[in-house]
Amino acid sequence: MWAINLRIFGVVLGTLALYTLIANKIPQVQSEVPRALSLGANVTPEQLVGAGDQLYHGGGGCTACHGLGTRAPNLLTDEKGAGPIGARCGKRESGKDCKAYIYESLTHPGAFVVTGYEPIMPDMSRTLSPQQLWALVAFLESQGGTVDVQASDIPAAEASAGSNGAAGTAGAAKIANGSTDPMAIFRGAGCVGCHKVGTEGGAIAPDLTHVGSRLSTSAIRESILTPDAKIARGFEKFKGIMPKAFGDQLTAAQLESLVQFLASHK
């Protein structure tokens, strides 16, 4: 009897060890979400520059494309002899000063695409608050130029929220206003800027019209939560472009709605 009990104990122990090993091999979803700002109505240009610096090098995800001069223009260093972004931003578009040009580049990136680059920049107003956007503008202006962003540039409601200690955030509710309609999420999250479903969307990233026929439901979910884990063949050069914060920015219901929607496209 003791021999049978010993074998049973061995099987149980081995099973627990196996599942522990498998669990430790599963990649954990880690998303760096842009931290909300609460700078107040009397924020100074220096404070905005500091906040923009942290955002640019952190949750804003800017460094994934900018800096190498391959997928997107260099911003902090020289770009083809024109200097850093603060030195050239006022010369890009006729009639637009530096502040207006950078803000347009963040919120309407398709309005002016620098020659030699593809229109892969997402609309950052979908994921960043007005304070965060203007902090980025101030930081980029400071790179070789003069910072002229002021508290008055930030919408009054946003500034007053900051003075009370609250802040506009780029949370889940902001994407499609919390809607679980898959196409509303697809548009609200900016997916249409790169991916195509049916006749809608861009052709920069993989076409998702028949994604359900080539990826399982779990693989689609992984692609949304950890987009750099597996890169579709032929799109290796775009690694790092897709935001990694959707695990925090989408509600569980929104994520599942989008996953099931894409999985149904056979």
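Looking only at the range 137-154, count how many residues are open to solvent by 30 Å² or more (accessible area, probe 1.4 Å), farther than 11 Å from VAL49 by Cα and within 25 Å of the chain's Cα centre (by Cα).
1
Pairs needed: first member in the range 53-64, in a helix (DSSP H, G or I); second member anywhere, hydroxyl-bearing (Ser, Thr, Tyr) and open to solvent by 20 Å² or more (accessible area, probe 1.4 Å); C-beta distance under 9 Å; at least 6 residues apart or different chains.
ASP53/SER142; TYR56/THR63; HIS57/THR63
Of the residues LEU208, LEU258, only one is at pLDDT 80 or above, part of a helix (DSSP H, G or I) and buried (at least 18 other Cβ atoms within 10 Å of the Cβ); which?
Selected residue: LEU258, the only one of LEU208, LEU258 that is at pLDDT 80 or above, part of a helix (DSSP H, G or I) and buried (at least 18 other Cβ atoms within 10 Å of the Cβ).
Restricting attention to the range 130-174, which residues are closer than 24 Å to GLY201 by Cα and modelled with pLDDT of 80 or more?
Passing the criteria: none in range.
How many residues does the range 224-239 contain that are in contact (Cβ under 8 Å) with a residue 60 or more places away in the chain and open to solvent by 50 Å² or more (accessible area, probe 1.4 Å)?
Just the residues of the range 224-239 that are in contact (Cβ under 8 Å) with a residue 60 or more places away in the chain, to begin with: 225-226, 229, 237-238.
Those left that are additionally open to solvent by 50 Å² or more (accessible area, probe 1.4 Å): 229, 237.
Residues that pass the stated criteria total 2.
Looking at (1) surrounded by fewer than 16 Cβ atoms within 10 Å (Cβ to Cβ); (2) more than 30 Å from GLY247 (Cβ to Cβ), which is the one condition that is false for HIS108?
Unmet for HIS108, out of (1) surrounded by fewer than 16 Cβ atoms within 10 Å (Cβ to Cβ); (2) more than 30 Å from GLY247 (Cβ to Cβ): (2).
So which residues in the range 229-258 are aliphatic (A, V, I, L, M) and touching a Pro at 6+ places or on another chain (Cβ under 9 Å), if there are any at all? Reasoning before the result, please.
Within the range 229-258, the first condition is being aliphatic (A, V, I, L, M), and the residues that meet it are 229, 231-232, 241-242, 245, 250, 252-253, 255, 258.
Residues satisfying the conditions are ALA229, ALA232, ILE241, MET242, ALA245, LEU258.
Just the residues that are among the hydrophobic types (A, V, I, L, M, F, W, C), free of Cβ contacts under 8 Å to residues at least 24 places away in the same chain and in a helix (DSSP H, G or I), please, taken from the range 102-137.
Across the range 102-137, the qualifying residue is only ALA111.
Could you tell me which numbered condition ARG221 fails, if it satisfies all but one of (1) open to solvent by 70 Å² or more (accessible area, probe 1.4 Å); (2) assigned to a helix (DSSP H, G or I); (3) of a type in the set (Lys, Arg); (4) modelled with pLDDT of 85 or more?
For ARG221, the failing item is (1).
The values are calculated or read from the model by the stated rules, or taken from the named source; none is laboratory data. Remember, it's a predicted structure, so these values are computed and weren't measured experimentally. Because the Cβ atoms are built from the backbone with ideal geometry, glycine has one as well, and the counts that use them run over all protein chains shown. For accessibility, only protein heavy atoms count, side chains too; no ligands or nucleic acids. Shrake-Rupley method; radii C 1.70, N 1.55, O 1.52, S 1.80 Å.
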